[in-house]
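Working notes for the structure below.
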Amino acid sequence: MCLSPGVDLMVGVVVGGLAIDAWQHVTDPAERGLATIPIVLGAHQIIEAFVWFGLDGRVPGWLGTAALWAYLVIAFAVVPVLVPLAVVALEPAERRPRMAWFTYLGGAVAVALLVQLVSGSPSAKIEHLHIAYHADITFGGPLVALYVVATCGPLLWSSHRNLALFGAVNLGVVGLLVWSVQSGFVSLWCFWAAVTSMAIVAHLRFSDRGVVAPAVVP
């Protein structure tokens, strides 16, 4: 859980180290998108530490506000586009057109969320051991569902067995987070997304990317 700004900073530094390791094991240009995910998620956790600091009054107000906006823009507009792009790029050429709709869906969700974010007045507050973000998003429930489809779906449909397996685990954890604390979904989801960096490094470091397994759905 995102227990404190210190935990966010620690996770950000750890994920940054994983990102360096991931890039060192990129063997194909198509893997660059996947290796970029830990960089984005590590930065995301560090940014959230400054959201904490802003809410606690430990940094100037403008810096806390900038961190809040940066955090939400990454969560709402970057992640739902980057993840499907990265996963679909790993697929054989003949499978990419059939999986491209995940990318289109992620882009549509990102635009819908970003437009509402910019036109609204997002805010955040500390609730027990996490930050609750409020952005006045219309049709928030359906958009969250589509967000999950765009980010978890490509993993489930991946022809790489280890990514598909992680996609199933990821979907279960996301469902648990949504059920357990809706107001903290963005914060807790992105913390779990940072954990995916470990799976990405494992894929790039240890798996035989030349051998793929049948996808969950052809």
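The values are calculated or read from the model by the stated rules, or taken from the named source; none is laboratory data. Fair warning: this is a prediction, and the values are worked out from it, not measured in the lab. When we count neighbours, we look across all protein chains shown, and the Cβ atoms used for this are built from the backbone with ideal geometry, even at glycine.
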Original post:
If you check 148, 174, 169, 111, which single one turns out to be surrounded by fewer than 17 Cβ atoms within 10 Å (Cβ to Cβ), over 19 Å from residue 202 (Cα atoms), of a type in the set (A, V, I, L, M, F, W, C) and free of Cβ contacts under 8 Å to residues at least 60 places away in the same chain?
Top reply: 111
Original post:
Only one residue in 39, 47, 74, 20 is over 24 Å from residue 150 (Cα atoms) and either out of contact with any Lys or Arg (no Cβ under 8 Å at 6 or more places or on another chain) or at pLDDT below 90 (or both). Which one?
Top reply: 20
Original post:
Exactly one of (1) exposed (fewer than 13 other Cβ atoms within 10 Å of the Cβ); (2) touching a strand residue (DSSP E or B) at 6+ places or on another chain (Cβ under 8 Å); (3) of a type outside the set (Val, Ile, Thr) is unmet by residue 132. Its number?
Top reply: (1)
Subject >> Top-ranked residue in the range 55-85 [being more than 12 Å from the chain's Cα centre (by Cα) and among the aromatic types (Phe, Trp, Tyr); ranked as nearest to residue 113 (Cα to Cα)] >> reply: 69
**OP:** Name every residue in the range 38-72 that is at positive phi and crowded, with 21+ Cβ neighbours inside 10 Å, in order of residue number.
**Re:** none
**OP:** Scan the range 5-33 residue by residue and report those that are in contact with an Asp or Glu (Cβ under 9 Å, 6 or more places away or on another chain) and among the acidic types (Asp, Glu).
**Re:** 8
**OP:** Scan the range 129-146 for residues that are modelled with pLDDT under 90, at negative phi and either among the aromatic types (Phe, Trp, Tyr) or assigned to a helix (DSSP H, G or I) (or both) and jot them down.
**Re:** 133, 140, 141, 144, 145
